[in-house]
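Enquirer: Once you've had a glance at the structure underneath, I'll fire off some questions.
Since every read-out is calculated from the coordinates, none of them should be taken as a lab result. These numbers come from a predicted model, not from an experiment. As a convention, Cβ positions derive from the backbone with ideal geometry for all residues, glycine included, and neighbour counts pool all protein chains shown.
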Amino acid sequence: MMATTHALVGVLLGSATLLVAPELAPVAVFAGLFGGLFPDFDLYSGHRKTLHFPVYYSIAGSALLGVAVLVPTVWTIAVAVFVLSAAVHSISDAFGGGLELKPWLGESERAVYDHFRGRWIPPRRWIRYDGAPEDFVLAVFVALPSIVLYDGVIQTLVIVAVLVSAVYALLRKQLVVAAEWLVGRIPAPMLDYIPDRFVRDFVQ
Ligand SMILES: [Zn+2]
């Protein structure tokens, strides 16, 4: 799924605080947003492994949620929502496409790494690949409650996330063509700095 879809899921997760502690909702929403984005910061190094922890984030997130319920402060809520959002991101990557340059081809059997069992979880492909039309539909669906619930900065951020998702989904396959063109022109010594999956697919 797109990073923006994960972020919007995180926003929705943070919004659950509206039901119990509405004064903490803005903090929880931002924590959810950043927690939803966070795992994909490993994009350039061990993507879907280095910062993706489907099992450990879930265990830590559940424990932190318990702490936040017992001691509801800005920080306990923020940390719990952040980690839970990263957990949902890591788990939901298993329902998307595989780790490959053209995930719509469906050739990879690696969706997300399970550090607990020490193996890759295969992709279920309910969302065939990040930026697929169904991924965009999901992003819109997840964004709708937030657009209705909030105004101001949060509503604007959610709308921007939807627009970014739309552009990404529209250009998804052309982006790979552009990347292929670029990588083909990069001097060999620089290839060390390019993620393996680009180099492997193009240069060999
Ligand atoms: Zn991810």
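Enquirer: Using a Förster radius of 22 Å, what is the FRET efficiency between V160 and H115 based on their Cβ-Cβ separation? Nearest 0.05, please.
Expert: About 0.10, to the nearest 0.05.
Enquirer: At a 10 Å Cβ-Cβ cut-off, how would you order D151, D93, D42, fewest neighbours first?
Expert: D151, D42, D93
Enquirer: Follow-up question, since we're still on this one. So which GluC sites (Glu not before Pro) in segment 96-174 pass both tests, a DSSP loop state and at most 14 other Cβ atoms within 10 Å of the Cβ?
Expert: Passing sites in segment 96-174 are E107, E109.
Enquirer: Rounded if a/c is under 1.5, else prolate if a/b is larger than b/c, else oblate: which is the chain, with a ≥ b ≥ c the root eigenvalues of its Cα gyration tensor?
Expert: prolate
Enquirer: Where in the chain is the longest stretch that carries no chymotrypsin sites (Phe, Trp or Tyr not before Pro) classed as loop by DSSP and with at most 15 other Cβ atoms within 10 Å?
Expert: Segment 127-204 is the longest.
Enquirer: Okay, next question. Residue by residue through segment 177-190, which ³J(HN,Hα) values in whole Hz follow from phi under the Karplus form 6.51 cos²θ - 1.76 cosθ + 1.60 (θ = phi - 60°), with glycine and proline marked x?
Expert: Calculated HN-Hα couplings, in order: 4, 5, 5, 4, 4, 5, 5, x, 10, 7, x, 3, x, 7 Hz.
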